[in-house]
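Here the structure comes first, spelled out in structure tokens, and everything after it is commentary.
The values are calculated or read from the model by the stated rules, or taken from the named source; none is laboratory data. From a predicted model like this one, the values you see are computed outputs, not experimental measurements. Virtual Cβ from ideal backbone geometry, glycine too; neighbours counted across all protein chains shown. With ligands, DNA and RNA removed, areas are computed over all heavy atoms of the protein, side chains included. Shrake-Rupley method; radii C 1.70, N 1.55, O 1.52, S 1.80 Å.
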Amino acid sequence: MTDLDERIISTLRKHAEGQVDISRLTSGAVARGRARRMRRRAAVGGTALGVVTVLGLGVAGGGGLPVRVPWTGAKPADQAATPAAAPGVPGALTRPDLVGKDPGLLHFGVDPAHARYLSWRSAAGLESAQLDLGGAAPVSFSLARSAAVAEEVHLEGDRYVPQPADPPYDGQLNRFSLDVADSDPIWVLRWQPVPGLFARLRTVAPTDAALQAARSALRLDVAHRCSAPMRLAAMPAGAWSAGCEVTVANLPAALDVSLVVNGSGFRSMEVRLRSPHSIVGDRPEPNATAAGRPVYVDPQGETMELLDIPKAQVTAGWGRPNEGFTEEDAATVLGGVQVAEHLDRPTTW
């Protein structure tokens, strides 16, 4: 059992009543935790849920375009990064069976006139994004082929935020009141655009306006690439790309990218790019090479940094919560890493 397993079990038992299916919940949390390293920088929420009130506001749950909802919030920031279009790839409405199967693709999009991407992600059967609609808090969107994957397990710091057991994806809007003075409620909208496809929106705000506007801005009839300014051109034997997450909330000032490599026997490695390099400290002296490129291997092992990318820090981590790969495997991956010349220009990625 890993330290992440123990944290999840501890927090679940602290907040849960009765028996908890630990193995089911932790397996999903660990798989997705490997893709993100618990870095929910744009995540919404922060404390355990209190009294739940179901408002029962009907929303169209079919496959057509969403109904326009009036929205009086501020427009999202002008500086925007958008994942590149994937011509010829069907959107989620046409091929719901493809959602979450390819970490290089997103089978949805958003109207750039009404929403700005803060991040996008495709991993572990889930496609998701954090969206800015001009409000104080972002709106999170999840799309999957099962309700369990779309729900995820929410961990905020060391606290487990309980989710309804098997919540219905029936187009009803849910309002969750927090047991914190003067805090805004959590709003969650779940629906099935077409049979076998589960979509969820979530935000924290005084009203549901931003959430409704986000649903109106969604486009499930298009597809995009999980665009990233980093490519992995070399893989260890028996390994494959398993996850892509790009955080552009602070672009062009800062950028955070995570690419996950998996292998048989539950092996996992995270290759991460953070820019600018100055935000993560001084560059160490090389103490090894990867395909002739200078790298620094942490004395504790399980982390290797590529040193020939001047504007960014690029690392490979094969220690907890990632397991199974070796220093040699990390050298193979980092030796083949390709980074875009203009990290602040998503159109060049």
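Return yes when residue 175 is part of a strand (DSSP E or B), in contact with a strand residue (DSSP E or B) (Cβ under 9 Å, 6 or more places away or on another chain), at pLDDT 90 or above and open to solvent by 30 Å² or more (accessible area, probe 1.4 Å) and no when it is not. Don't jump to the end; show me each part of the working.
Numbers: part of a strand (DSSP E or B): yes; in contact with a strand residue (DSSP E or B) (Cβ under 9 Å, 6 or more places away or on another chain): yes; at pLDDT 90 or above: yes; open to solvent by 30 Å² or more (accessible area, probe 1.4 Å): yes.
Answer is yes for this residue.
Restricting to region 282-334, give me the number of residues that are at positive phi and touching a strand residue (DSSP E or B) at 6+ places or on another chain (Cβ under 7 Å).
Pass one, region 282-334, residues at positive phi: 291-292, 301-302, 324.
Subsequent filtering for residues that are touching a strand residue (DSSP E or B) at 6+ places or on another chain (Cβ under 7 Å) retains 302, 324.
Of the residues in that region, 2 qualify.
Return yes when residue 285 is part of a strand (DSSP E or B) and out of contact with any Cys (no Cβ under 6 Å at 6 or more places or on another chain) and no when it is not. Outline the logic, then answer.
Working: part of a strand (DSSP E or B): no; out of contact with any Cys (no Cβ under 6 Å at 6 or more places or on another chain): yes.
When the stated conditions are applied, residue 285 does not pass them.
Being without any contact (Cβ under 8 Å) to a residue 24 or more places away in the chain and either closer than 14 Å to residue 310 by Cα or touching a strand residue (DSSP E or B) at 6+ places or on another chain (Cβ under 8 Å) (or both) is the filter here; which residues of region 248-280 pass it? Steps first, answer last, please.
From region 248-280, those without any contact (Cβ under 8 Å) to a residue 24 or more places away in the chain are 250, 253, 262, 278; that's our starting set.
Those that are without any contact (Cβ under 8 Å) to a residue 24 or more places away in the chain and either closer than 14 Å to residue 310 by Cα or touching a strand residue (DSSP E or B) at 6+ places or on another chain (Cβ under 8 Å) (or both): 262, 278.
Go through region 124-148 and give me each residue that's touching a residue at least 40 places away in the same chain (Cβ under 8 Å) and under 20 Å from residue 90 (Cβ atoms).
The initial filter retains those residues of region 124-148 that are touching a residue at least 40 places away in the same chain (Cβ under 8 Å), namely 124, 126, 130-148.
If the condition is that a residue be touching a residue at least 40 places away in the same chain (Cβ under 8 Å) and under 20 Å from residue 90 (Cβ atoms), then 126, 141, 142, 143, 144, 145, 146 are the ones that fit.
Quick one: which residue in 295, 248 is of a type in the set (Val, Ile, Thr), more than 24 Å from the chain's Cα centre (by Cα) and either surrounded by 20 or more Cβ atoms within 10 Å (Cβ to Cβ) or within 30 Å of residue 98 (Cβ to Cβ) (or both)?
Working: 248 fails: more than 24 Å from the chain's Cα centre (by Cα).
After ruling out the rest, the residue left standing is 295.
Per-residue answers, yes or no, for (1) in a helix (DSSP H, G or I); (2) within 21 Å of the chain's Cα centre (by Cα); (3) farther than 16 Å from residue 289 by Cα:
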| position | (1), (2), (3) |
| --- | --- |
| 305 | no, no, no |
| 310 | no, no, yes |
| 314 | no, yes, no |
| 320 | no, yes, yes |
| 323 | no, yes, yes |
| 333 | yes, no, no |
| 341 | no, no, yes |
| 344 | no, yes, yes |
| 347 | yes, yes, yes |
